[in-house]
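Structure record follows, encoded as structure tokens.
The values are calculated or read from the model by the stated rules, or taken from the named source; none is laboratory data. Source: prediction; values computed, not measured. Cβ: placed from backbone, ideal geometry, glycine included. Neighbour counts: every protein chain shown.
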Amino acid sequence: MKIFALLMAMSIFSGAAASAATSNETPITLPEAQSLIEVVAAADAIVAAFGRHDPKDYFALFAPEATFVFHTSPRRLDSRAEYEAEWAKWEREDGFRVRSCRSTDQKAQLFGDVAVFSHSTRTELSTKQGDDIMLERETIIFHRREGRWVAVHEHVSLDPGQ
């Protein structure tokens, strides 16, 4: 059954779940493969909403008690509401606008009802100072709640290789 699940995960998609399934880790089961697919889909939804500058959809994908750590902020944001206020401040004071966001080098890992998703991002944004491109690495922690994966923590750092 584990071999079937591995082949199934690899044939369904070639992103993070396939990466996890083909590494030196223990082969995954079909339910684990399905969970990895769901985690990657949840992360893709976050990236898509962020990339189209859709704060309503973006923030809906995070738990109210989610925490956020950004290299651009001097402090940890201890709730989704704090991040929403910070986002609104960026828009108001800096003219902040996301033009696009692309995710690469994805990896998803399962730890029961918790999942870790890490990837690299290339974000194009605009502010009053002009257009910019941010090359970053990001980790999103998900928790399975009522059958869906909800983001409970996001950590973004500059990509030192860029």
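The number of residues in the stretch 40-69 that are surrounded by fewer than 15 Cβ atoms within 10 Å (Cβ to Cβ), out of contact with any helix residue (DSSP H, G or I) (no Cβ under 7 Å at 6 or more places or on another chain) and acidic (D, E) comes to 2. Residue-level analysis places I46 among those that are assigned to a helix (DSSP H, G or I), within 27 Å of P31 (Cβ to Cβ) and touching a residue at least 24 places away in the same chain (Cβ under 8 Å).
Report yes if some residue within the stretch 83-90 is under 27 Å from I37 (Cβ atoms), touching a strand residue (DSSP E or B) at 6+ places or on another chain (Cβ under 8 Å), modelled with pLDDT of 95 or more and of a type in the set (D, E); otherwise report no. Within the stretch 83-90 (the criterion being under 27 Å from I37 (Cβ atoms), touching a strand residue (DSSP E or B) at 6+ places or on another chain (Cβ under 8 Å), modelled with pLDDT of 95 or more and of a type in the set (D, E)), the answer is no, since none of the residues qualifies.
Within the stretch 23-39, restricting attention to residues that are out of contact with any strand residue (DSSP E or B) (no Cβ under 6 Å at 6 or more places or on another chain), surrounded by 14 or more Cβ atoms within 10 Å (Cβ to Cβ) and of a type in the set (S, T, N, Q), the residue that is modelled with the lowest pLDDT is T29. Take the residues in the stretch 49-69 that are touching a residue at least 24 places away in the same chain (Cβ under 8 Å) and part of a helix (DSSP H, G or I), then tell me which one is farthest from T123 (Cα to Cα). The extreme case among them is F59. Looking at the stretch 47-62 only, could you name the residues that are in contact with a strand residue (DSSP E or B) (Cβ under 6 Å, 6 or more places away or on another chain) and among the aliphatic types (A, V, I, L, M)? Within the stretch 47-62, V47, L61 meet the criteria. Set side by side, the residues R144, R122 differ, and just one is in contact (Cβ under 8 Å) with a residue 24 or more places away in the chain and among the basic types (K, R), which is R144. Of the residues contained in the stretch 70-78, one or more are found to be surrounded by 13 or more Cβ atoms within 10 Å (Cβ to Cβ), out of contact with any helix residue (DSSP H, G or I) (no Cβ under 6 Å at 6 or more places or on another chain) and either assigned to a strand (DSSP E or B) or of a type outside the set (G, A, S) (or both).
Taking the conditions exactly as written (over 17 Å from the mean Cα position of the chain (by Cα), more than 30 Å from E32 (Cβ to Cβ) and surrounded by 12 or more Cβ atoms within 10 Å (Cβ to Cβ)), does F96 satisfy them or not?
yes
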